[in-house]
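Here's the structure we're looking at; comments come further down.
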Amino acid sequence: MIEYSYIIAFLPLLSYLLIVFFFSKNNKVAHTVSITAILASFVLSVIVFFEVLANHGPHIFEYEWISMPGFELPLSLYIDPLAAVMLLVVTIVSSCVHIYSVGYMHGDPRYPRFFSFLSLFSFSMLGLVISGTFFGTFIFWELVGLTSYLLIGFWFEKKVAADAGKKAFVTTKIGDLGFLAGLLILSAAAGTFNYSEVYHLIENNQIPVIFITAAGILMFCGAIGKSAQFPLHVWLPDAMEGPTPVSALIHAATMVAAGVYLTARIMSIIVVSHSAAITIAYIGGITALLAASIGLVQNDIKRVLAYSTVSQLGYMILALGCGGYTAGTFHLMTHAFFKALLFLGAGSVIHAVHTNDIQFMGGLSKKMPITSKTFFIASLSIAGIFPLSGFWSKDEIFATILHEGHWFLLVLAVLVAGMTAFYMFRLCFLTFTGKPRDEHAYEHAHESPNTMTYPLIFLAILAVCAGWVGIPWLHHGYASFVYFHHPHHPEPNFALMIIGTIVALAGIYLAYLMYYKRAIDPVKMAERFKPVYTFLFNKWYFDELYMGTVIRFTYWFMEVLFRFDQVVIDGFVNFCGKFGLFNSRIWMTFDVYVVDGAVNGAGYITRWFAGGLRRIQSGAVQNYAFVIFLGVVLLILFRMM
Amino acid sequence: MATLDHYLILSAILFCIGIFGLLTRRNAIGVLMSIELMFNSANINFIAFSKFITPEALTGQIFAVFVITVAAAEAAVGLAIVVLMYRNFDIVNVDNINFMKW
Amino acid sequence: MELPIFYILAAIIIVSALFVVTLRNIFHSALMLILCFFGVAGLYVTLHADFLAAVQVLIYVGAVTILMIFAVMLTQQLTGRKIQQLNDQPLPAALIILSLLILLIVSITRTGFEIADNLEPMPTVGTIGKAFMTTYVLPFEIVSVVLLVALIGAIVIARRE
């Protein structure tokens, strides 16, 4: 089955084409086709997963694509345990989101289009996962970027949504440029795009370290853009203008994780190049802290989740930078489930109260029991509470950082864990407990339909259980499946587990005091730490900073270029035009008198001759006979002379 | 005693008269008649040569028979055309039938 | 004795032929044509071509000329239509024909023909018949087909649609 795993990716593409060309008017058929395709992909992914479980591989299958003398560019499949896990994660989350969307997008005028985009995204993401060459990865990388753009701007009537789509596209494109450059450097140095060959060359020290470092950092730029890491993290919160299922699928669980996936794929480079590894680890750490601190004070439910996503992605990058291949990808998997669950839960809330602002929610647990329970489970999981999945993956990351001995980063990571617990439970308490702050919205709130709650329940089960595959006492299940070079089994560090749990519980308790018991007044807290609060509330002024520097510079540069265009280019063009006009006048004169004269003269002469000659052509047969006999006479005369 | 030259000259005169008719007659039937005259002059030639040059073989006479046959066929087709012409254009004048110019 | 007969016949032929090409009434032309054909038939007799003379009378006088007269009657009003029967080129035509005639006579008189010795008359019908069935059987058959085709062609052309 593994050799046919490209079918997993192509089923959603088929669904996309079917919907676009045949079912673009039929809601029911569109979602049926789309869901069938992704469920089939899910089933196939399960089969592939078990095959890979039996034989770790990597399984590589090459297909000829571009073949020229001296240049070969094949497409290939590269199925290793990580790819198998990713296939499973992507298809599970995607299936849940597809089903959820049936309820969430109900009544939308562009309902079939939404499903076609979802299918296209699933195709791109699955293709990204199974691609065995850097080049193929890059193609699918851009495709997910495109679908992300399409889906963020799905409600393009709203200017904010259209702007957010543009912002996301342009911002990630900066990183993609780095990816492309890194890709080219690597292929120039290695002479191939294939993962396996590149790995082999790097491990045998056949590529200079300087190239490896440059390629590694540049490719990581792609990951920075796609995974919304500092300093390109600004697009992800804005991307929340898209439909919530999209946020759950693309901007929480899968696409943004593609950066992490890519970083894991270039693990060979990170291992070789110490400087690249440190850079990656620190960027991850900074991002985690930065995003978590902003998340503390935001009021938009989806934005809080978005900052949380950025922060958790920072965790993964941090782990990978510390060489924690297993830890980073493990957290990627568990995070995909509970973050998708959080987003879908948030979507369910928004669907009920028609607002994103948690200041207008409150007390919804009575109205929406399933949503609130699953949301709480997910929050506990992300906070890292024993024995939910978040606990195990976060612990694995801590252990990895400790193993590498980056004490500063470890403290930072633990701090972020506490902040995460705090802002998640702030969100929970403000949304689901206490008194309703907007009676009108509360009155109209209701539990979402089954198509929305079932995916929530399913994902809640995964959010609890998915981490159990990585429990150190259960034969290190995950670590002995997804590993780099050799399975690495650190001894369970109880001290670290206890510290992590205590910090998380402290965060939750603080949130409990502030937003449930109201023992500490959040408003007074904000007043007391007003500069800090404002700074965080305005997201460290990153948007303003970019607006003031990069964008203003761009505008200034644009102005300069505009002037340059106007004066120099336009001047030149106008001069060329005028010169051309002048020139053409001269030639026109020449044409009129000489060329036309010659042509007309030829015509006139021909006409004059013809006027004479046509008289001979009387059309009367007897004239012709006369000429014949004249000819006969002349012939005889000539013969007799 | 009439010699071969007598006959040939007579035939030449008849032939020329035929040509004159062919070139000048406006009536299509007249043209056909002129052609018959020319056929006859040719026949006179044939038979005169047969008589004076190959008296035993009679080749000229046999060719004269063929010529007569062809002339008869020509007359039949030609007259059919004339009749058709008259029916379609109401005229039998050749110089009015001058569609052969541009 | 022969020479006067030849001249008389020649005179008949030439005069009637001239009438044929010059008479204004096409019907009279046809009658003159008959006279001309008779003259030619007489000429054939002086050339000891008895079979040809008979054929001439039968086919030309009896068939072709009658056909012509029928055509004339089908296409013209007989009674005195004084329309011009010659086109606008009789003078150049006459000139060119005169020169042609002079050239022909000059070349005829210049050419020395090998005249055969035996000029005695002899019956020709049997010889011609044998020749048609032996030496000239293929042309004979072909000319029969030509006649048939001409017959059918004439009918097809002249038939009313």
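The values are calculated or read from the model by the stated rules, or taken from the named source; none is laboratory data. Small disclaimer: the values here were computed from a predicted structure and weren't measured. We place every Cβ from the backbone using ideal geometry, glycine too, and count neighbours over all the protein chains shown.
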B:A57 passes all but one of the listed conditions (1) more than 7 Å from every other protein chain (Cβ to nearest Cβ); (2) in a helix (DSSP H, G or I); the exception is number (2)
Please indicate, with yes or no, whether at least one residue in region A:226-234 is in a helix (DSSP H, G or I) and polar (S, T, N, Q). no
Looking for whichever is of a type outside the set (S, T, Y), in contact with a Ser or Thr (Cβ under 6 Å, 6 or more places away or on another chain) and either under 30 Å from A:E62 (Cβ atoms) or in a helix (DSSP H, G or I) (or both) here; the options are A:G103, A:G136. Which one fits? A:G103
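Results for (1) farther than 21 Å from A:G127 by Cβ; (2) surrounded by fewer than 23 Cβ atoms within 10 Å (Cβ to Cβ), shown as yes or no for each residue.
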residue	(1), (2)
A:T137	no, no
A:W141	no, no
A:L183	no, yes
A:A188	yes, yes
A:E203	yes, yes
A:A215	yes, no
A:M219	no, no
Does C:V15 satisfy the criteria of being assigned to a helix (DSSP H, G or I) and under 21 Å from B:F52 (Cβ atoms)? no
Could you pull out the residue among C:A116, C:A154 that is part of a loop (DSSP other than H, G, I, E, B), surrounded by 11 or more Cβ atoms within 10 Å (Cβ to Cβ) and not assigned by TED's automatic domain parsing to the domain that holds C:H48? C:A116
In this structure, is A:V414 in a helix (DSSP H, G or I), in contact with a Gly (Cβ under 8 Å, 6 or more places away or on another chain), modelled with pLDDT under 80 and within 24 Å of A:F330 (Cβ to Cβ)? no
Does A:F330 meet the test of being part of a helix (DSSP H, G or I), modelled with pLDDT of 85 or more and within 25 Å of A:G362 (Cα to Cα)? no
Which condition does B:I91 not pass, out of (1) facing chain C (nearest Cβ under 7 Å); (2) β-branched (V, I, T); (3) more than 22 Å from C:V146 (Cβ to Cβ), if it passes all the others? (1)
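Yes/no per residue for (1) polar (S, T, N, Q); (2) within 24 Å of B:A80 (Cβ to Cβ); (3) modelled with pLDDT of 90 or more; (4) touching a helix residue (DSSP H, G or I) at 6+ places or on another chain (Cβ under 8 Å):
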{"site": "B:A2", "(1), (2), (3), (4)": "no, no, no, yes"}
{"site": "B:L8", "(1), (2), (3), (4)": "no, no, yes, yes"}
{"site": "B:F15", "(1), (2), (3), (4)": "no, no, yes, yes"}
{"site": "B:G21", "(1), (2), (3), (4)": "no, yes, yes, yes"}
{"site": "B:R26", "(1), (2), (3), (4)": "no, yes, no, yes"}
{"site": "B:E36", "(1), (2), (3), (4)": "no, yes, yes, yes"}
{"site": "B:I47", "(1), (2), (3), (4)": "no, no, yes, yes"}
Would you confirm whether or not region A:535-550 contains a residue that is among the small types (G, A, S) and without any contact (Cβ under 8 Å) to a residue 40 or more places away in the chain? yes
Has region B:65-77 got at least one residue that is part of a helix (DSSP H, G or I), more than 7 Å from every other protein chain (Cβ to nearest Cβ), of a type in the set (F, W, Y) and under 23 Å from C:A41 (Cβ atoms)? no
Run B:N43 past the list (1) touching a residue at least 12 places away in the same chain (Cβ under 8 Å); (2) within 14 Å of chain A (Cβ to nearest Cβ); (3) not hydrophobic (A, V, I, L, M, F, W, C) and report the number of the one that doesn't hold. (2)
Filter region A:363-390 down to residues that are surrounded by fewer than 24 Cβ atoms within 10 Å (Cβ to Cβ), among the aromatic types (F, W, Y) and assigned to a helix (DSSP H, G or I), then give me how many there are. 1
Does region C:1-12 hold any residues that are part of a helix (DSSP H, G or I) and more than 7 Å from chain B (Cβ to nearest Cβ), and which are they? C:P4, C:I5, C:Y7, C:I8, C:L9, C:A11, C:I12
Residue list for region B:15-40, filter: facing chain C (nearest Cβ under 7 Å), over 10 Å from the mean Cα position of the chain (by Cα) and either among the β-branched types (V, I, T) or assigned to a helix (DSSP H, G or I) (or both): B:C16, B:I17, B:F20, B:G21, B:L23, B:T24, B:I29, B:G30
What's the total number of residues in region A:251-285 that are touching a Gly at 6+ places or on another chain (Cβ under 7 Å) and assigned to a loop (DSSP other than H, G, I, E, B)? 2
Sort through C:V106, C:V145, C:V125, C:V137 and tell me the only one that's more than 8 Å from chain B (Cβ to nearest Cβ), surrounded by fewer than 18 Cβ atoms within 10 Å (Cβ to Cβ) and under 30 Å from A:V633 (Cα atoms). C:V106
Going residue by residue through region A:73-81, is there one that turns out to be part of a helix (DSSP H, G or I), in contact with a helix residue (DSSP H, G or I) (Cβ under 6 Å, 6 or more places away or on another chain) and surrounded by 23 or more Cβ atoms within 10 Å (Cβ to Cβ)? no
As an exercise: evaluate B:T3 against (1) surrounded by fewer than 21 Cβ atoms within 10 Å (Cβ to Cβ); (2) at the interface with chain C (Cβ under 7 Å from one of its Cβ atoms); (3) of a type in the set (S, T, N, Q) and give the number of the one condition it does not meet. (2)
Looking for something in contact (Cβ under 8 Å) with a residue 60 or more places away in the chain, loosely packed, with under 12 Cβ neighbours inside 10 Å and not β-branched (V, I, T) - is there at least one such residue anywhere in region C:40-48? no
Looking only at region A:431-467, count every residue that is assigned to a loop (DSSP other than H, G, I, E, B), of a type outside the set (D, E) and at negative phi and tell me the total. 8
Could you list, ordered by first residue, the pairs with Cβ atoms under 9 Å in which the first is in region A:14-40 and in a loop (DSSP other than H, G, I, E, B) and the second is hydroxyl-bearing (S, T, Y), at least 6 apart or interchain? A:F23/A:T32; A:F23/A:S116; A:S24/A:S116
Filter pass, A:P237 being farther than 21 Å from A:A288 by Cβ, not aromatic (F, W, Y) and not in a loop (DSSP other than H, G, I, E, B): no
